[in-house]
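Worksheet: one structure, shown below.
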Amino acid sequence: MQTTDWTEGYTSDIGYTYGYFKELNPLAMRLAFFNAGLQPPQLDADTTACELGFGQGLSCAMHASASPVQWWGTDFLPQQAGFAQNLAQVSGTRAHFYDDDFATFLERDDLPQFDFIALHGVWTWVSSDNRAVIVEFLRRHLKVGGVVYLSYNTQVGWAQMMPLRKLLTQHVDRLGAAGAGSARNIREALAFAKQLFDTAPAHARSHPAAANKLQELLAQDPHYLAHEYFNRDWAPMDFADLADQLHSAKLTFASSAHYLDLIDPLNLTEAQQTLLDRIPDTALRETARDFCVDKAFRKDYWHKGAQPLSAAQMAEAFRQERVILTKPRGRISLVVEGVLGVMDLSPQIYDPILDLMSDYQPHSLGEMADSLNQIEGMDLMTLVQAAFIFAHRGEWHSAQSEADQEMTRPGCDALNRHLLTAHADKDKLLHLASPVTGGGIQVTPQEKVLTLAWLEGEREIAALAQALMQQLADGPLREGQDQATALETADGFVQRFVPFLQGHKIL
């Protein structure tokens, strides 16, 4: 009997990582849309969202539990769909997660029209037939005024690395052991490539970026690499070619979702900015911009008939936007790195902004502009630029309304308790759900242990340190300075991280 390869060349014997991606949170698009002079969809209990190819589903499960938005999604690997379904069930959300392939999902008759559809990296990893199915899904299921988030590898940034990727996959195909599993075969392919590059081949001398990329790959998790680089289909694409394919779904480019891209002086020379400003065609301009910055991975928002905002409406939208710190104040640097290099942010301007926000409560940009107007150089657009910088680095995020926070808090509490207990051993699952941002907040393995102990009623530093010692007995805290290190970590948690988690209504 002939069997069908349901995987279609996609890696299926090794799960995707438990990563959280902030760009998949619909609330994250608001600043980009205001900046583009466009009205984003309203986010409330009537809003619908979908993620195609959600991996382990941590992002979509968190967004379903932490916001009023109704979520759907699919990932054709059953074990990953099951993990996402379990997270949704624990938090009591109305999310609908399936293990359909894209063609099957397209033909479901129980799907709504969506306000927001997200694909993280999937576009690069699927066949041309599946990309056509995705475009048809967007055409059929995206509402007028709806938004698509789509990230993908670009041909410009990957040109030098394509031969290396081909070398690695050829090693797996030709010398990989059939029963050894993807992780082992990937490690052996990387070891082979390192041996080859250690001989100083002419290709490596002519393309030094390839050698740098190999060093980067050698340090990464095979679970991540298997899905990013070792699928049968892997097709980086220029922006203009992508725009041509999305045209039939009536999609128009809105903005980069990579917020640092919105600050040209960090990334483009004056000559480059002048040249790009003279290009009337959006697709050609974006492709040319990718050449200027050697873009390897794009994160973009597209829209279907979003309504324009006037200049006055844009300014008022920015003034009303509420933001909150999503990292403790002490972990935020005033050094920013763009394509053109590293720049120091002015402490006279940025320290007062961060100090004002260090109460870990949402503040509107207008409120901050009014409170800090005595500082020279401080105005609304300075705060917008700050929002772009810190949102890019995952240090700020837009905040939900108080009503939405209260509505979603029980689901977040249940999900977080589950993540801290049932998945305490997953050292790569390092996010908790915040009802304030409607998404994930990053924590360290030590902070996971201490957060659970705090939730269980421990308040004394010594008791918290003991909980940490017990959980990490086989980890980095052992012998010699174990107790002192644990006490110091516990004290820092109480003094600095507890107020942060309380501001995000996680504690």
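The values are calculated or read from the model by the stated rules, or taken from the named source; none is laboratory data. All values derive from a computational prediction rather than experimental measurement. Note that we place each Cβ from the backbone using ideal geometry, even for glycine, and neighbour counts take in every protein chain shown. Only protein heavy atoms, including side chains, enter the accessible area calculation; ligands, DNA and RNA are left aside. Shrake-Rupley method; radii C 1.70, N 1.55, O 1.52, S 1.80 Å.
Sort 203-210, 337-344 for me by packing, meaning the mean count of neighbouring Cβ atoms within 10 Å per residue, highest on top. All intermediate terms of the calculation are to be shown ahead of the outcome.
Numbers: 203-210: 14.2, 337-344: 12.6.
Descending packing order for the listed peptides: 203-210, 337-344.
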task = Return the subset of LYS299/LYS426; LYS428/LYS505; LYS448/LYS505 for which the Cα-Cα distance in this structure is over 18 Å, preserving the input order.
result = LYS299/LYS426; LYS428/LYS505
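May I ask you to give the average projected area over all directions of the convex hull of the Cα atoms of region 179-218, in nm² rounded to one decimal? Don't skip to the answer; put the middle values down first.
Details: hull surface 11.3 nm².
Averaged projected hull area, Cα only: 2.8 nm².
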note = For LYS166, the lysines lying under 22 Å Cα to Cα, once residues fewer than eight places off in the same chain are dropped, come out as LYS194, LYS213, LYS295
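Can you list the trypsin sites (Lys or Arg not before Pro) in region 220-280 that are in a DSSP coil and have 11 or fewer other beta carbons within 10 angstrom? Spell out each step's value before the answer.
Details: sites: ARG232, LYS250, ARG278; in loops: ARG232, LYS250, ARG278.
Passing sites in region 220-280 are ARG278.
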inquiry  = Residues of region 212-233 with the amide nitrogen closer than 16 Å to a label point 7 Å from the Cα of LYS194, along Cα-to-Cβ, please.
reply    = 212-223, 225
query = For region 57-98, with equal point scatterers placed on the C-alpha atoms only and solvent neglected, what are the log10 I(q)/I(0) values from the Debye formula at q = 0.20 1/Å, to two decimals?
reply = -0.47
remark   = Rounded to whole Å², per residue accessible area for region 118-217 with a 1.4 Å probe reads 45 Å²
Residues in region 347-364 reached by a label modelled at LEU334 [backbone nitrogen below 12 Å; 7 Å Cα→Cβ] = 347-355
note = The simple spin-label model distance between ASP482 and SER371, using points 7 Å out along Cα→Cβ, in nm, is 4.4 nm
key: Carbon and sulfur %, accessible surface of the chain computed with the full protein complex present, 1.4 Å   = 50 percent
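What translational diffusion coefficient, in µm²/s and rounded to a whole number, does the Stokes-Einstein relation yield for region 363-507 at 37 °C and a viscosity of 0.692 mPa s, taking the hydrodynamic radius as the Kirkwood radius over Cα pairs?
Details: Rh = 17.1 Å.
Approximately 192 µm²/s, per Stokes-Einstein.
Please pull out the direction-averaged projected area of region 221-327, using the convex hull of its alpha-carbon atoms, in nm² to one decimal place. Spell out each step's value before the answer.
Working: hull surface 41.4 nm².
Result: a mean projected hull area of 10.3 nm².
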request  = Could you size up the charge dipole of region 360-507 around its Cα centre, putting +1 on the beta carbon of Lys and Arg and -1 on that of Asp and Glu, and report it in debye to the nearest 20?
outcome  = 360 debye
Label of the coordinate-derived value, volume of the Cα convex hull per residue in Å³, listed as (1) 158; (2) 139; (3) 178 = (3)
message = Need one number: % antiparallel among DSSP beta bridges in the chain, to the nearest 5.
response = 60 percent
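For region 114-242, how big is the tail of P(r) above 26 Å, as a whole percent of Cα pairs?
Numbers: 2723 of 8256 pairs.
Result: 33 percent of Cα pairs exceed 26 Å.
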task = Would you rank TRP302, TRP454 by solvent-accessible area, highest first, keeping every protein chain in place and using a 1.4 Å probe?
result = TRP454, TRP302
key: Full-extension gain in nm, SER310 to ALA132, via 0.36 nm per residue minus C-alpha separation   = 60.5 nm
remark   = Quick calc, the chain, dipole around Cα centre from Cβ unit charges on Lys, Arg (+) and Asp, Glu (-), nearest 20 debye, gives 640 debye
ask   = Hey, what do the phi angles of region 243-257 turn into as Karplus ³J(HN,Hα) couplings, whole Hz, using 6.51/-1.76/1.60 and θ = phi - 60°, x for Gly and Pro?
value = 4, 4, 6, 6, 4, 5, 8, 6, 9, 10, 4, 9, 5, 5, 8
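How big is region 36-191 by the Kirkwood estimate over distinct Cα pairs, in Å?
Numbers: mean 1/r = 0.0572 Å⁻¹.
Answer for region 36-191: a Kirkwood hydrodynamic radius of 17.5 Å.
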inquiry  = Which log10 I(q)/I(0) values does region 241-393 give at q = 0.14, 0.15, 0.20 Å⁻¹ under the Debye formula, counting every alpha carbon as one identical point scatterer?
reply    = -0.85, -0.96, -1.36
